[in-house]
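> One structure is given below, represented as structure tokens, and several questions about it will come after.
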Amino acid sequence: DIQINPKDEL
Amino acid sequence: MNVFRLTGDLSHLAAIIILLLKIWKTRSCAGISGKSQILFAVVFTSRYLDLLTSFISLYNTSMKVIYIGCAYATLYFVYMKFKATYDGNHDTFRVEFLLVPVGGLSFLVNHDFSPLEILWTFSIYLESVAILPQLFMISKTGEAETITTHYLFFLGLYRALYLFNWIWRFYFEGFFDMIAIVAGLVQTILYCDFFYLYITKVLKGKKLSLPA
């Protein structure tokens, strides 16, 4: 399934 | 972490360091839009508030701290240490024309109506247009120092590499973030005209100057 928006990017 | 994401982050870091070094070595911030630099400091500050609430990795935390630190160091250079060299007369973009719509949009279109999430969304939207005062300044003066164009190139390249990162993550991890993707597309498109001039002029050894 599609996971949305964990803040692991900068 | 894939190769596009890593090179994107490094490109972003390169841009920030190039700008700081340019100002430090020449003892001058001529040709640099202080307004764009204020917007970038606001972007990092509002996005990285999660430094206080969650830990993702040592890499993640260190990069965030470095980005924030460099953003404020740049502001200190432009508005304090080398203030005499800041060309405020040409830095006339009206930032409220960006802040108000971006602020409004982040309240309307976000993943979750919570303070941290709205601030994160605000930072993503603001980053996509934060370079406009700098591009406006160059279009007003009609030229840019070559080192400034290297700064802009790496700053633009970073979000373009993130677009490839997001394509990668969509296919291999099932991950996508529509807000980041759309804003990242807008951000990259804003640089296209500049990329063209950079490739056709600066990389061939010519100074970036615009026709009058």
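> Considering only residues that are farther than 11 Å from B:Tyr151 by Cβ, surrounded by fewer than 18 Cβ atoms within 10 Å (Cβ to Cβ) and away from every other protein chain (no Cβ under 12 Å), which ones fall in the range B:1-35?
Once the filter is applied, which keeps residues that are farther than 11 Å from B:Tyr151 by Cβ, surrounded by fewer than 18 Cβ atoms within 10 Å (Cβ to Cβ) and away from every other protein chain (no Cβ under 12 Å), the range B:1-35 yields B:Val3, B:Thr7, B:Trp24, B:Lys25, B:Thr26, B:Arg27, B:Ser28, B:Ala30.
> Out of the residues in the range B:49-91 that are among the small types (Gly, Ala, Ser) and surrounded by 12 or more Cβ atoms within 10 Å (Cβ to Cβ), which is nearest to the other protein chains (Cβ to nearest Cβ)?
Residue satisfying both the conditions and the ranking: B:Ser54.
Matching residues to (1) in contact with a Leu (Cβ under 7 Å, 6 or more places away or on another chain); (2) among the small types (Gly, Ala, Ser):
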site	(1), (2)
B:Asn110	no, no
B:Ile124	no, no
B:Ile131	yes, no
B:Met137	no, no
B:Ala144	yes, yes
B:Phe153	no, no
B:Tyr162	no, no
B:Ile167	no, no
B:Phe176	no, no
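> In the range B:155-211, which residues are of a type outside the set (Lys, Arg), away from chain A (no Cβ under 14 Å) and not in a helix (DSSP H, G or I)?
Within the range B:155-211, B:Gly205, B:Leu208, B:Ser209, B:Leu210, B:Pro211 qualify.
> Just to be sure before I move on: is B:Arg5 under 19 Å from B:Phe154 (Cα atoms), among the charged types (D, E, K, R) and either in contact with a helix residue (DSSP H, G or I) (Cβ under 7 Å, 6 or more places away or on another chain) or without any contact (Cβ under 8 Å) to a residue 60 or more places away in the chain (or both) in the structure I sent?
When the stated conditions are applied, B:Arg5 passes them.
> Which is of a type in the set (S, T, N, Q), under 28 Å from B:Tyr171 (Cα atoms) and part of a helix (DSSP H, G or I), of B:Thr45, B:Thr61?
Within the list B:Thr45, B:Thr61, the selection yields B:Thr61.
> Quick check on B:Thr121: is it closer than 26 Å to B:Met178 by Cα and surrounded by 19 or more Cβ atoms within 10 Å (Cβ to Cβ)?
Considered against the rule, which asks whether it is closer than 26 Å to B:Met178 by Cα and surrounded by 19 or more Cβ atoms within 10 Å (Cβ to Cβ), B:Thr121 comes out as yes.
> Let me ask you something else. For B:Lys201, work out the one condition from (1) at pLDDT below 95; (2) closer than 20 Å to B:His12 by Cβ; (3) surrounded by fewer than 19 Cβ atoms within 10 Å (Cβ to Cβ) it doesn't fulfil.
The single condition B:Lys201 does not satisfy is (2).
> Does B:Tyr151 count as farther than 17 Å from B:Gly31 by Cβ and part of a helix (DSSP H, G or I)?
no
The values are calculated or read from the model by the stated rules, or taken from the named source; none is laboratory data. None of the values given here were measured: they were computed from a predicted structure. Neighbour counts are summed over all protein chains in view; Cβ atoms, including those assigned to glycine, are modelled from backbone coordinates with ideal geometry.
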